[in-house]
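Working notes for the structure below.
The values are calculated or read from the model by the stated rules, or taken from the named source; none is laboratory data. Note that this is a predicted model, so its numbers are computed, not measured. Reconstructed Cβ throughout: ideal geometry from the backbone, glycine too, with neighbour counts over all protein chains shown.
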Amino acid sequence: MISTDSPFARVCAAPVLGVGLGIDVFDTRPDFRKLIKHHRAGFDFLEVYTRGNWADVDKPFAQIPRDVPRTYHHEGLDPVGPALCPRPPIDGCMKNQKLLAPPWTVEELAVRHIDGRYTDFFFPAILTPESLRATVANVRQLHALLPGPLLPENAPYEFVVGDVHLCEWMTQLSHQADCGLVLDLGHLWSYQLCMGHGDDPLHGVEKLDLSRVIEVHLAGARVEKYHGGRIYRDLHGAGPIPAPSLDLLRELLPRMENLKAVTIEVEDATEDRAVAQCAQVRQVVQQHRPQWLLGKA
Ligand SMILES: [Fe+2]
């Protein structure tokens, strides 16, 4: 049974946000101010990314009008690490949550800091029972400290360590930490590519409790050939959304009963390209789950 004030219950109680854009407040391409001023009809909400910065955000956050719905994408909690992260990124997340008042905060299931140094590489979750136990403990502790609920997101994989299927690992995390999830469809495909299932992006998806997926991510990417295999590289707004990501969206959309948001991550896109990708995804949503856009199902 789900407790009424659990992190999962709190995100389930949030309204449907629709189809939105993931932007970095420190980017000039796209410039979120121009998106708001000239393209407001082109997106339903913004997912705000700050590169984990909490010191320099007051000014850009103040430039997001209150009537623009927003979610927040933090970085630095490193929830798949062996122990809880240091206090500063937790305090930073707390500050940004208070300023933005998002219904939830996204955090990658990856480690990006080693001994306090930023790696600029996603060390994705090790897929073992031991790492699951540590991650559940971390997410539970974070929920005890933070004012707003977290949505852990599957990170991109360039290699896989561990024998547990990613979908099973995420299901267990969501149940044991009683939280919702972000399912990044490109990142799911990156895992399938590593496992030799690149031509079957849905392989093993029945192991994922789709009712836990509150938000979906899509992004531009390229796929590189590497030693006979293929590796997924996120390009965000600097490239087209790969066909397998859109195929996954078509397949899974009707099956995610608690879905609240579909986000296209568009860092590096022009404003025009950002809203064009949003329109492309909105069309898929309209075809496969039209009622959802009306906030009804
Ligand atoms: Fe993502």
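Quick notes on this structure:
- Only one of the listed residues (33, 112, 51) is assigned to a loop (DSSP other than H, G, I, E, B) and either within 16 Å of the ligand (Cβ to nearest atom) or out of contact with any strand residue (DSSP E or B) (no Cβ under 7 Å at 6 or more places or on another chain) (or both). That residue is 51.
- Residues located in the range 52-61, provided they are under 19 Å from residue 88 (Cβ atoms) and either in contact with a Gly (Cβ under 6 Å, 6 or more places away or on another chain) or surrounded by 13 or more Cβ atoms within 10 Å (Cβ to Cβ) (or both): 52, 53, 54, 57, 61
- Consider the range 170-218 and keep the residues that are more than 18 Å from the chain's Cα centre (by Cα) and on the phi > 0 side of the Ramachandran plot. The one that is nearest to the ligand (Cβ to nearest atom) is 204.
- Picking from residues in the range 24-51 that are farther than 19 Å from residue 238 by Cβ and in contact (Cβ under 8 Å) with a residue 60 or more places away in the chain, the one that is surrounded by the most Cβ atoms within 10 Å (Cβ to Cβ) is 45.
- Pair list, Cβ under 7 Å, 6 or more apart: the range 144-169 residue under 16 Å from residue 128 (Cβ atoms), other residue among the hydroxyl-bearing types (Ser, Thr, Tyr) and surrounded by 24 or more Cβ atoms within 10 Å (Cβ to Cβ): 157/190; 157/191; 160/191; 166/191
- Single residue of 96, 138 found to be modelled with pLDDT of 95 or more, buried (at least 19 other Cβ atoms within 10 Å of the Cβ) and more than 22 Å from residue 23 (Cβ to Cβ): 138
- Checked against (1) within 16 Å of the ligand (Cβ to nearest atom); (2) over 27 Å from residue 173 (Cα atoms); (3) outside any loop (DSSP other than H, G, I, E, B); (4) not hydroxyl-bearing (Ser, Thr, Tyr), residue 267 passes all but a single condition, namely (3).
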